[in-house]
Structures are given as C-alpha cells and as structure tokens.
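Read-outs: derived from the displayed coordinates by stated rules, not from any lab. Fair warning: this is a prediction, and the values are worked out from it, not measured in the lab. Reconstructed Cβ throughout: ideal geometry from the backbone, glycine too, with neighbour counts over all protein chains shown.
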Amino acid sequence: MTTIEAKIPDYLARQALAAAEREKIPVDQIIALALSAQLAAWRGSDDMATRAKRANLDEFANILASAPKVPPVPGDELPENYQRIPRKASQ
C-alpha cells in the first residue's frame, strides 16, 4: 500500500467521514473507492475518444443500411420534434 497525503476541502472531508461512518468502513477505503471510480471514468472517456478516432462513418452507414426496416420498439421512437443533423462528408 502507498500512503498519499492530500489537501482536500473541509466539506469533502466531512462527506467522506460521514460516508465511512454510515457504511461502517474506514475513511481510507471511501477515498480509495472514490479515486478508483473517478480514474475509471477518465479511462473510459479516453477509451471512447480513441475508439471514435478509428470510426469509419461510411462503414457504419453500410451496417445500418443492412438492418431490417421495422418500427421501433414502443418507447424507442424519436421525439416528435426530432431534426436530423446532417452528417459531414468523410475525410
């Protein structure tokens, strides 16, 4: 284990202490969990950006064109005021 010293706002320290007390776990574990969750979120957005750069919109359009033409499942319809945003030409 590594010990990290960090200055955090008092209100966050109070929230962490309250959560630790409520969950009956050490405050260190609350902080480790919160840090882990935030790092995973950042990693996820980095992964999405990397994947988006590899996207091929023409290939995606071809895949969608091969999908069956059936009405959406109830609840999945587009909103009444939906307006399609024109796609930029591929580079």
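The table that follows gives values for the structure above.
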{"quantity": "Segment 24-76 - residue that is polar (S, T, N, Q) and outside any helix (DSSP H, G or I) and, of those, farthest from the chain's Cα centre (by Cα)", "calculated": "66"}
{"quantity": "Qualifying positions in segment 60-91 - among the acidic types (Asp, Glu) and exposed (fewer than 10 other Cβ atoms within 10 Å of the Cβ)", "calculated": "76, 80"}
{"quantity": "Cβ-Cβ under 9 Å pairs, at least 6 apart or on other chains, segment 34-55 side aliphatic (A, V, I, L, M), far side assigned to a helix (DSSP H, G or I)", "calculated": "34/16; 34/19"}
{"quantity": "Subset of segment 1-23 (residues that are among the small types (Gly, Ala, Ser) and either over 27 Å from the mean Cα position of the chain (by Cα) or surrounded by 10 or more Cβ atoms within 10 Å (Cβ to Cβ) (or both))", "calculated": "13, 16, 18, 19, 20"}
